[in-house]
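Throughout, read-outs are computed from the coordinates displayed, never taken from laboratory work. Keep in mind that this is a model prediction, so the values were computed, not measured. Here the Cβ positions follow ideal geometry from the backbone for every residue, glycine too, while neighbour counts run over all protein chains shown.
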Ligand SMILES: N[C@@H](CCC(=O)N[C@@H](CS)C(=O)NCC(=O)O)C(=O)O
């Protein structure tokens, strides 16, 4: 049987996306946790696996894949069950649009908002953060109206689009519910109050088989 491993940093949205994809595909894997604080991803031992020194990295037998989107594409090709990229060309394009934009429009701007909050710099950076949330909230509103009555972002089944965005939304909520975040004008949490449709979409992801094993381990502790 093929040995599969996913190298990850706890709380990294892109790692979480890949681990959710492994869960949806039903692929058993070893989750190998690296410490960002210790700089494990930059250590020589890990550079032999990924010279770029980033996670996520998937090792599947003799195939090693870095870059979240490349991992999603690989998993979909290697494990056809539960397709993640739609069932017709229009769906495939719509899914890839979201997957490609996930980093630029969600993970990166959301990381720029939550990082100062997690590092105790909320009050110092309040004006900057209140400004940074504006385009994110606009995108969330677009997602909310796009979802409408549907269960998933594209088509009638869960796809890579859902898996790409969910962890970023969760990271934003985690930041927005820290005590200091009450100093800010984020208006995203509670999600059910500000974005009820997105809240329902999150609930659907949270009951997926394998969801718990993909959940960021250090989030369980606090
Ligand atoms: N475009 C890359 C981004 C990878 C990335 O920056 N990962 C972060 C974790 S979210 C990381 O490895 N950070 C540690 C570092 O760069 O030292 C991908 O999607 O895989």
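Give the residues of segment 155-185 whose amide nitrogen is closer than 16 Å to a point set 7 Å from the Cα of residue 134 in the direction of its Cβ.
Only 185 pass the distance filter.
Quick one: grab the alpha carbon gyration tensor of the chain, order the square roots of its eigenvalues as a ≥ b ≥ c, and give me rounded if a/c is under 1.5, else prolate or oblate depending on whether a/b is larger than b/c.
It comes out oblate by the Cα gyration axes.
What residue among 48, 64, 156 has the largest mean-square fluctuation in a Gaussian network model of the chain, using Cα springs under 10 Å?
Looking only at 48, 64, 156, the biggest GNM fluctuation is shown by 48.
Quick one: check the C-alpha center-to-center distance for segment 87-132 versus segment 154-222, whole angstrom.
With segment 87-132 and segment 154-222 each reduced to a Cα centre, they are spaced 13 Å.
Just 129, 84, 208 to compare: in a GNM of the chain, with alpha carbon springs under 10 Å, which one fluctuates most?
208
What value in Å³ per residue do you get for the convex hull of the alpha-carbon atoms in segment 119-222?
106
Rounded to the nearest 500, what is the chain's calculated 222 nm mean residue ellipticity when only DSSP H runs of at least 4 contribute -39500 (n - 2.57) each, over all residues?
Only helices count here, giving -15500 deg cm²/dmol.
If you build a Gaussian network model of the chain, linking Cα atoms that sit under 10 Å apart, which residue out of 44, 206, 67 swings the most?
In this elastic network of the chain, the residue with the biggest mean-square fluctuation among 44, 206, 67 is 44.
Would segment 4-78 count as rounded, prolate or oblate if I go by the C-alpha gyration tensor, calling it rounded below 1.5 in a/c and otherwise prolate when a/b exceeds b/c, oblate otherwise?
Prolate is the answer for segment 4-78, as a/c is 1.5 or above and a/b outweighs b/c.
Run the numbers for residue 5 and residue 101: contour at 0.36 nm per residue of separation, minus the present Cα-Cα distance, in nm.
32.0 nm
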